[in-house]
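Engineer: Here it is, the structure, as structure tokens.
The values are calculated or read from the model by the stated rules, or taken from the named source; none is laboratory data. Worth saying up front: this structure is predicted, and the values here are computed from it rather than measured. Quick reminder, even Gly has a Cβ in these numbers, built from the backbone with ideal geometry, and neighbours come from all protein chains shown.
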């Protein structure tokens, strides 16, 4: 993806990447089993990107308005230490997290797909929307990914941020190591 110089500089400054879930890490489809349990489909490629961010001192976080057992499991599997499900005010949650981590809004990338995310996206350094996000969100994003929600958005975001700092081949060397599969994001 070709980025303008100003967008590349914004990406280079990022220390914290916050992902929404439904419509970003999933395709937004809600599936319920016969006994009412929620099922979510996550893209394995996103997991590699999220783990790589942590390997290069970029903190991954999830702030979601919804809470579910599959989401909690995915966050645990990826070792995401900053996980906030069931959040009604995402901006207030992010402000608390930024204060805890001593990070400025300009050092935050937020990835969202719907109007609930705009309050945050308009206040951070880098706002990213999936290709199939609501039109108003796409119009207010610094970057619109080529991937649709649930189809590798987090991987593309990781590539953008890491690619602003280094040759991606160098970043992916870490993903080729046998121990990469067992890595947890340690912050």
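Engineer: Can you tell me which residue within the range 145-162, out of those that are surrounded by fewer than 21 Cβ atoms within 10 Å (Cβ to Cβ) and outside any loop (DSSP other than H, G, I, E, B), is farthest from the chain's Cα centre (by Cα)?
Structural biologist: Only one residue fits best here, namely 159.
Engineer: May I pose another question? Would the range 80-101 turn up any residue that is under 24 Å from residue 178 (Cβ atoms) and out of contact with any strand residue (DSSP E or B) (no Cβ under 7 Å at 6 or more places or on another chain)? Walk me through how you get there before you give the answer.
Structural biologist: Step one: filter the range 80-101 for residues under 24 Å from residue 178 (Cβ atoms), giving 80-81.
This time we only want the ones that are out of contact with any strand residue (DSSP E or B) (no Cβ under 7 Å at 6 or more places or on another chain), so: 81.
For the range 80-101, residues under 24 Å from residue 178 (Cβ atoms) and out of contact with any strand residue (DSSP E or B) (no Cβ under 7 Å at 6 or more places or on another chain): present.
Engineer: A further question follows. Quick one: residue 170 ticks every box in (1) out of contact with any helix residue (DSSP H, G or I) (no Cβ under 7 Å at 6 or more places or on another chain); (2) within 20 Å of residue 79 (Cα to Cα); (3) in a helix (DSSP H, G or I) except a single one, so which number is it?
Structural biologist: (2)
Engineer: Restricted to the range 30-53, and to residues that are under 18 Å from the mean Cα position of the chain (by Cα) and more than 18 Å from residue 169 (Cα to Cα), which residue is surrounded by the most Cβ atoms within 10 Å (Cβ to Cβ)? Steps first, answer last, please.
Structural biologist: First, the residues of the range 30-53 that are under 18 Å from the mean Cα position of the chain (by Cα): 40-53.
Cutting the leftovers down to more than 18 Å from residue 169 (Cα to Cα) gives us 40-44.
Working: 40: 21, 41: 11, 42: 19, 43: 19, 44: 8.
Checked the range 30-53; the qualifying residue surrounded by the most Cβ atoms within 10 Å (Cβ to Cβ) is 40.
Engineer: Further, regarding this structure: Is it the case that the range 135-144 has a residue that's assigned to a loop (DSSP other than H, G, I, E, B), without any contact (Cβ under 8 Å) to a residue 40 or more places away in the chain, under 16 Å from the mean Cα position of the chain (by Cα) and under 24 Å from residue 94 (Cα atoms)?
Structural biologist: There is at least one residue in the range 135-144 that is assigned to a loop (DSSP other than H, G, I, E, B), without any contact (Cβ under 8 Å) to a residue 40 or more places away in the chain, under 16 Å from the mean Cα position of the chain (by Cα) and under 24 Å from residue 94 (Cα atoms).
Engineer: Working only within the range 173-184, note down all residues that are in contact with a helix residue (DSSP H, G or I) (Cβ under 8 Å, 6 or more places away or on another chain) and either under 15 Å from residue 155 (Cβ atoms) or modelled with pLDDT of 80 or more (or both).
Structural biologist: Scanning the range 173-184 gives 174, 175, 180.
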